[in-house]
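The values are calculated or read from the model by the stated rules, or taken from the named source; none is laboratory data. No experiment lies behind these values; they were computed from the predicted model shown. Methodologically, a virtual Cβ is constructed for each residue, glycine included, from the backbone with ideal geometry; neighbour enumeration extends over all protein chains shown. Areas reflect the complete protein model, heavy atoms only, side chains present, ligands, DNA and RNA absent. Shrake-Rupley method; radii C 1.70, N 1.55, O 1.52, S 1.80 Å.
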Amino acid sequence: GGADAAAGPSVEFELVPSTHTLLSPCCGRFVAVSPQGDRIVYEAAEEDGGLMLFQRRIDEREGRPIPGTEDARHPFFSPDGAWLGFFGNDELTIYKTRFDGGTPQRVADRVGSHPALGGAAWGPDNTIVFADRGDAGLYRVSAEGGDPRPLTTLAEGDASHRWPHVLPDGRTVLYSVSRTSSEVDLIR
């Protein structure tokens, strides 16, 4: 038993571009919300057409570019919200950068040799789980860097595993399964 927790206040706002234009959410995750819910990071194209990541605090009106994220894609937060992970412009390399400044650091190269949209998640054990390519399972790598290791294996009928989400226990990963047939995608 136990009493239900009281619902917190609802926050509603618009993500309106100013000097830059939001990208179309046609492919992948182009927005990430911090674990604390106080900041949003999103992909945007600047006026000159260059892609970059921008951050906006919930209590601010405009986003600001994040230095060193030129041509970055698919942002994701560390569990404490101090770091931002992202894929490089070729979508083959994973980087991380601190919000309080500094140069982005290379974490790992994906195993696959072609771009694939499939996302990544940063677990509380400092491991990044990511989709490697469009026809494979998930991989994991230390956020400090190293060689990626397989995490999931495709079962019969699976086309790919994508969009990982690491639960707070650090041992459980939810992910989407694309099927080779016309079946509906599964979440495992």
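Can you find a residue that is in a loop (DSSP other than H, G, I, E, B), at positive phi and either at pLDDT below 60 or crowded, with 19+ Cβ neighbours inside 10 Å (or both) anywhere in the stretch 2-24? Break it down into steps so the answer makes sense when it comes.
At the first step, the residues of the stretch 2-24 found to be in a loop (DSSP other than H, G, I, E, B) are 2-19, 23-24.
Still in the running and at positive phi: 2.
Going one step further and asking which of them are either at pLDDT below 60 or crowded, with 19+ Cβ neighbours inside 10 Å (or both), we end up with 2.
Taking every residue of the stretch 2-24 in turn, at least one turns out to be in a loop (DSSP other than H, G, I, E, B), at positive phi and either at pLDDT below 60 or crowded, with 19+ Cβ neighbours inside 10 Å (or both).
Can you tell me which residue within the stretch 88-100, out of those that are open to solvent by 10 Å² or more (accessible area, probe 1.4 Å) and among the hydrophobic types (A, V, I, L, M, F, W, C), is farthest from Val31 (Cα to Cα)?
Leu92
When you scan the stretch 34-53, how many residues do you find that are small (Gly, Ala, Ser) and either in contact (Cβ under 8 Å) with a residue 60 or more places away in the chain or over 28 Å from Pro124 (Cβ atoms) (or both)? Explain how you work it out, then say what you get.
Taking the stretch 34-53 as the starting set, the residues that turn out to be small (Gly, Ala, Ser) are 34, 37, 44-45, 49-50.
From the residues that got through so far, the ones that are either in contact (Cβ under 8 Å) with a residue 60 or more places away in the chain or over 28 Å from Pro124 (Cβ atoms) (or both) too are 44-45, 49-50.
So the answer is 4.
From the list Arg56, Arg64, which one is free of Cβ contacts under 8 Å to residues at least 12 places away in the same chain and in contact with a strand residue (DSSP E or B) (Cβ under 9 Å, 6 or more places away or on another chain)? First the steps, then the outcome.
Working: Arg56 fails: free of Cβ contacts under 8 Å to residues at least 12 places away in the same chain.
Within the list Arg56, Arg64, the selection yields Arg64.
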